[in-house]
1. Given the conditions (1) outside any helix (DSSP H, G or I); (2) among the hydroxyl-bearing types (S, T, Y); (3) buried (at least 16 other Cβ atoms within 10 Å of the Cβ), report the number of the one that B:S591 does not fulfil.
2. Report yes if some residue within region B:174-191 is of a type in the set (A, V, I, L, M, F, W, C), within 15 Å of B:M5 (Cα to Cα) and open to solvent by 40 Å² or more (accessible area, probe 1.4 Å); otherwise report no.
3. Being over 30 Å from B:A429 (Cβ atoms), assigned by TED's automatic domain parsing to the domain that holds B:L657, at pLDDT below 95 and among the β-branched types (V, I, T) narrows it down to one residue among B:T510, B:T565, B:T538; which is it?
4. Just for region A:75-130: of the residues that are surrounded by fewer than 12 Cβ atoms within 10 Å (Cβ to Cβ) and hydroxyl-bearing (S, T, Y), which one is farthest from the other protein chains (Cβ to nearest Cβ)?
5. Which pairs turn up if I take residues in region B:125-140 that are of a type in the set (D, E, K, R) and look for partners that are part of a loop (DSSP other than H, G, I, E, B) and open to solvent by less than 40 Å² (accessible area, probe 1.4 Å) with beta carbon separation below 8 Å, at least 6 apart in sequence or on another chain?
6. Write out, first by first residue and then by second, each pair whose Cβ atoms fall under 6 Å of each other, whose residues are 6+ apart or on separate chains, and whose first residue, in region A:267-285, is away from chain B (no Cβ under 14 Å) while the second is more than 8 Å from the ligand (Cβ to nearest atom).
7. What number goes with the only condition from (1) more than 10 Å from chain B (Cβ to nearest Cβ); (2) closer than 15 Å to B:I537 by Cβ that A:G323 does not pass?
Amino acid sequence: MSTRMQDKSEGHRMREQLEAIRQQAAGELQGLDNLEQVQEWRVRYLGKKGELTAVLRGMGGLSAAERPIIGAIANEVRANLEELLEAKTQGIKQREKERRLQSESIDVTLPGAVTMLGSKHPLTQVIDEIKAIFLGMGYQIAEGPEIESDYYNFEALNLPKDHPARDMQDSFYITPEILLRTHTSPVQIRTMERLKPTLPVKIICPGRVFRRDDDATHSPMFHQVEGLVVDKGITFGDLRGTLLAFVQQMFGADREIRLRPSFFPFTEPSAEVDISCVICSGSGCRVCKGSGWLEILGSGMVHPRVLEYGGYDSRELTGFAFGMGVERIAMLKYGIDDMRLLYDNDMRFLAQF
Amino acid sequence: MRISMDWLGEYVAHEMTATDLAEKLTRSGIAVENVICRDRGLDHVVVGLVQRIEKHPAADKLWVCQIETGNGETTIVTGAQNVRQGHKVPVALPGACLPNGLTITPVDFRGIPSAGMLCSAQELGLDEKTIAPADRDGILILSDAAVIGKPVAAALGLDVPVLELELTPNRSDCLAVLNVAREVAAITEAPLQLPKQYAGADDQCCNGGDGCTGNKDDLCCTQDRVRITINDGDLCGRYAARLFTNLRLGPSPVWMQQRLQSAGMRPINNMVDITNYVMLELGHPLHAFDYHTIAQGEIIVRRAQDGEVLTTLDGQERTLNAGNLVIADPEKAIALAGVMGGLATEVTDNTKVVLLEAAHFNPASIRRTARQVGLRSEASQRFEKGVNVDTILFALDRTAQLVEELGVADVVPGYVDVYERPSKAASVAFSVERINGLLGTNVDGATMAHYWQRLGMTVTWSDPEGNAQGVVEVPTYRPDITGEHDLAEEVARLYGYDNIPTTLPQGATTVGQRTWPQLVQERLGEVMVASGLREVITFSFINPRHLDRLGLPENHRLRQVVAVTNPLSEEQGIMRSIILPNLLEVAARNSSRRTTDIGIFELGSVFAHPASPEPLKELPEERKKLAALLMGQPAAGWRQKPGPYDFYDLKAVIEKLLACLKINGVTWQATGALPYLHPGRAALLTVEQDGATMELGWIGEVHPDVTEAYDLPGRPVAMELDVQLLTMLARAFGEYKALPRFPSTDRDMAMLLPETVPASQVEAVIAATGGTLVDRWRLFDLYQGAQIPAGYRSLAYTLRYQASDRTLTDDEVNQAHEAIKAALTAQVGARFR
Ligand SMILES: [Zn+2]
C-alpha cells in the first residue's frame, strides 16, 4: 500500500513536473523573437542536457507499469514542444524575411542601366518600308551599279545622244561613255536582259543616283526606287491600281492619287502621279502650295523600244514602270523641312528615327 | 514659255478663265506652272497727265507736280528727275498697296502735301529685262495713247493674266502660241483661227522679164537678188529668205510691245519686234540681215573653217571650228547659224533693205554650238528642240504680212527657198484593240478618231467597217508622235487619265522574296543597330584631298581612284575607294557641334580604278563595304562609368556579326601596314578558303596623324569589311550538334607570359594539346602591373572539359590540364604559380 502510495506519488510527481516544464517552456517560447533565443530555448528544454532529458533520467525510479505511461507523456510533451518550436522558428523566419525585404526597397524612379540603341538612317527606313510593300505584292528586289555606261543609262532607255531630254538630267561623267547613273532606270534594262524570256518581270530597284545639282532642294546624290512590271496584257489601268495600292499602304488608306500626262523618254504614255496632300488631305496648305496634291512619282507604260532593248517582244508584251524619289517621301513622311539634313548625319537628327 | 490670255484668245475662242484653262491644260499634258496676274498691287494706280511741274521751294531735288488724274488735279511731290510737263505717268493714289509692299498715304514734303506717288517700272513690278534700259530709271513715262484716269494696269496691258508653261521635251511644239492654241482647241473643241499671212497680188518673181531692170539697187523680186547655197545639207535642211525694202525703223505698236513683254521679251524696234513676235507666235526663229552688207547678195550655209573668226552681235570676236555651222557670203561668215548674228550685217538705222532668213538647222549641232559659245537665246532654244521644217514659208509670209500691215517696210515680191529633201508627214498605223489593251480602256474607234482629228490628225480606216484599225497622218508640228504608243497617249489624255479604270495586274501569282545577298545585308544592318551604332548615309564621291589626309603614300592601292571629269566642286572629285574618310568627316562635323561620343556605320560601295587602261573602257569595280567608327565613350550613367571606346569594343561588334552570320575561322592578324591606322593597334581579318587567303577587312585605331588631320577629339577606332565576302561565307544556320549527355568539368589556369606572346598562340596550344577533351575556353582575366615582372603579363583562362561518351574522371581532367600547362610552358614560355 505504502509502496503503491509511494509509487503513485513518484509517478504523479513526474507527471506534474513534465506538465510544469511544458507550460513553462511554452510560455517562455511565446515571448521569444529571434532565432538565437529560440536556439537557447531549445537547448534548455529539448537539448541533451535540457530539462526534459533531466526529468526522463529520473524514470529509473518508476515501476515497470508506470514507466511506459510516463514515457508516453514525456514523448507527448517533447513532440508538443517541438511543434511549438517549429511554428515559432517559421514565424520568426517569415518576419525576418519581411523585415529584410522591407529594408531592401529601392528607388524605382532612378534611370535604368544605360544600353546603346542604334538606328537605321531614315532613308533606309523608308526604303525598307517600300521594299516590304512591294515584296508583299510579289516583287523581287534588283540592284545595279552606281557607275553606269551611257548605253544602260541613256541609250537603251530611248535617250540617244543629243536627245534634248538628256538636258533633264545633268550628269557626272567619268569618261564620255561612262557616268554616274542619273536614275535607277538602267536596272530595268539590266534586269530584263538577265531574266528574258521569263515572265512576268516584277521588280523594284532602290539605289543611289547622281545629278549635277546642289541647292536647297537638290542634292548631287539622292535615292530612287524604280519599279518595273512586264507581262502579257499589262495595262495603264494596272499601273494606276498598283500605284494606288502602294500609296495607300505607304501614306494611309484614305490617300487618293491623280495622274497627269507627262513625258519620260522610256515610257509612253507617261504620267506624273500626285497623292492627296498628307498634311491637309486635299484642302490646301503650305506643303502642297495650296493645291491639295503632292507630286511623288513618275510613271508610264514601258516604251516599246525599251522592251526591245531589254530583249522582250513589244508586239506581244506590255509593261509599266515607275520611279520615286526616296528623299521626297522621307521628308513628307517625317515632316523634314530641309533635304540637306538627310546627308548631314547629325547624331541629334539620326537619333530621332 | 509665257503666253498672255489675250494673245491665245486671238486664235481660239475658248471662253474659259485663266485658272480653269490652266487646270485643263495641266490635266491633259501641257503643264501650266503658274497663272501670273501682273496687275496684283496696281489697284488705285492710274494714268495721270503732268499739267505743271516746278521745283520744290524748300528742297533742291524735289519737284512739285500738278497731275490730272481724271478726277481733278492733284499735287504730287516727286524726287525723280525725268518728269516733264505733258508726260503721262503712273500715279499711285492713297489706298494703293504696290507690288513691293509700299502702302500709299498722303505725305507732307517740307510743307507741301503730296497726295500720292509717281511710280517707276520697278515699283509697278515690271520685269526689268522687258524694259528698255533708258526706262529702267526714274518714273515710267507712259505712251501718249494712255487714257487719263484709267488704271495703269490696263494702259500697260498688265490686266491680262499670263500662263507660264512648263513644257516637257517632247512638246517643244508648244513653244509657239499658235500650237498651244491648237491644243486648247482640241481640249475645248472650240474652232481654231489661223493668223493672216501675206498674199500680195504680185508676190511672184519677175524672172528678169517686165519690170526687171537688172540694176542691183532696184529690187524687182527676191529671186533675182538673192542666191542661196547649202553646202552642208546634213546641218541645214532648208533655208528660205525674203526681202523687205524701204525700211522705216521705229518703235512697234504698243499692243505688240506689250505681247512681247508678256512673254518676257524686250521690245527693240519694229523690225526686230516683228521677227520676235512671229517666233513666239509660230515657233520659228527668224533672223534679219542688212541686205547691202551681204557680198553679192549671196548666202552660203556651210561649216566654219577651223580658226575662222566672226564678230557676233554682242561685239565679241569668236574663233570658230568645223563643228560650227555658219551663214556666210562669198567672202566671210556673217552669222553663227541659229545661235547669233554677226555684227557687220546687223540691221541698223542706216539699213534700207532687209534680208529675212527662215531656216531649219540640225538641232544637235545648234545645241553644241550654243553650249560652246555659252549662249542660249529664245531662238537657239527653239532650234535645239527642232523647228517645224514645213512651215518655214508660213513664217516668212506671216512676217511679210506684219511688215506690210504695220508699214515697217515694203515687201519685195517673191522668195527664195532651198529645200532639197522635203520631209514627209509621218503615218502611224494603229489598232483600236491594241490601244485599249495598252490603256485598259474600252474606247470605241470613232471616239479615238475624233480625239485625233481634234488634234489636227487625219484618220484613214483600213477595215471596211471603219472601227478596228487604220492609219493616222500626223501633222508636221507634232514630230513627237511616231508610234502607236504615242497615239495611245493622245487618246488617254483626251479621254482623261482619271477616267481610266483602276485595276491590278492579272497574271500568275509571284513570290516576293529577297536574295541571299539582300538577306545578309539586311542582317548586317540589324546587328550593327543592335550593337548600338547609328547608320549614316554619305556621298559616294569624295574630295581627293581625303586621300592625303589619310596619309596614303604615292602609289597606294587606294589611290587607284575613279575620277569624275565634271564635278560641281572638288567635293565630288573622285569616287571613294574607302568609306573611312566619310565617317571621319561625320565624326568631325558632329564633334564640332559638341557631340563627341559617336558610334556610326555605313553600308555602301567603294570603287577601284583598274591598274590599266586609262581611260576606262569597262565599268570600274564596285564593291559593297560595311564600315564603322566608334569615338568617345559609350553612354555613361549613374551605374556605369565606361572608359573610352577602344579596339576591343569594335572587335566585339565584329565578333557579334560573325557569330550572327555563322562565320568561323576568321584570323585576326596584327598589321602595321595600313597607313591610316595606328601601327600597333590594327588587324587584318583574313579567311582561308580552298587554300587561298582572302582579306575580309580591317579594324584598328585611327592613326594619330589622321585624327589630327580631321581635328577629332579622342582616339577613334574604325573598321571596314567586305560585304560580298561576308555574304559568301555566311550561313543561314549552323550545323546542329547533339547536346552533351555527360556532365562537364571546369578548371582554371593562370599563367605568366612574356607580353610578346599573343593570346592566339596560347589558345592554339590549348586547342592542339587539349584535343577533343577541351570543349571551350574563356579568358577571364588579364593582368599586368604590380607583382608581375616587367615584360610579362598574366592571363587566366577557364577551360571546360567534356567527353561525349562518358563522364570524365578527376584523374583524366587533371592529366589533360597538366598536359596543357606543360605544353604552354614548353611552347610559349608560360610560367605557372
Ligand atoms: Zn496640303
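The values are calculated or read from the model by the stated rules, or taken from the named source; none is laboratory data. Values in this document were obtained by computation on a predicted structure and should not be read as measured data. Positions of Cβ are backbone-derived with ideal geometry, glycine not excepted, and every protein chain shown enters the neighbour counts. Ligands, DNA and RNA are excluded from the accessible area calculation, which covers all protein heavy atoms including side chains. Shrake-Rupley method; radii C 1.70, N 1.55, O 1.52, S 1.80 Å.
1. (1) is the only condition that B:S591 fails.
2. No, because not a single residue in region B:174-191 is of a type in the set (A, V, I, L, M, F, W, C), within 15 Å of B:M5 (Cα to Cα) and open to solvent by 40 Å² or more (accessible area, probe 1.4 Å).
3. Details: B:T510 fails: assigned by TED's automatic domain parsing to the domain that holds B:L657; B:T538 fails: at pLDDT below 95.
Just a single option satisfies the conditions, and that option is B:T565.
4. Here the residue is A:S103.
5. B:D127/B:G264; B:E128/B:A121; B:K129/B:G264; B:D135/B:A121; B:R136/B:A121
6. Hits for this filter: A:V278/A:F251; A:V278/A:L332; A:G282/A:S276.
7. It fails just one condition, (2).
Yes/no per residue for (1) assigned to a strand (DSSP E or B); (2) facing chain A (nearest Cβ under 8 Å); (3) free of Cβ contacts under 8 Å to residues at least 40 places away in the same chain:
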| residue | (1), (2), (3) |
| --- | --- |
| B:E618 | no, no, yes |
| B:E622 | yes, yes, yes |
| B:L629 | yes, no, no |
| B:P634 | no, yes, no |
| B:K641 | no, no, yes |
| B:Y645 | no, no, no |
| B:Y648 | no, no, yes |
| B:K651 | no, no, no |
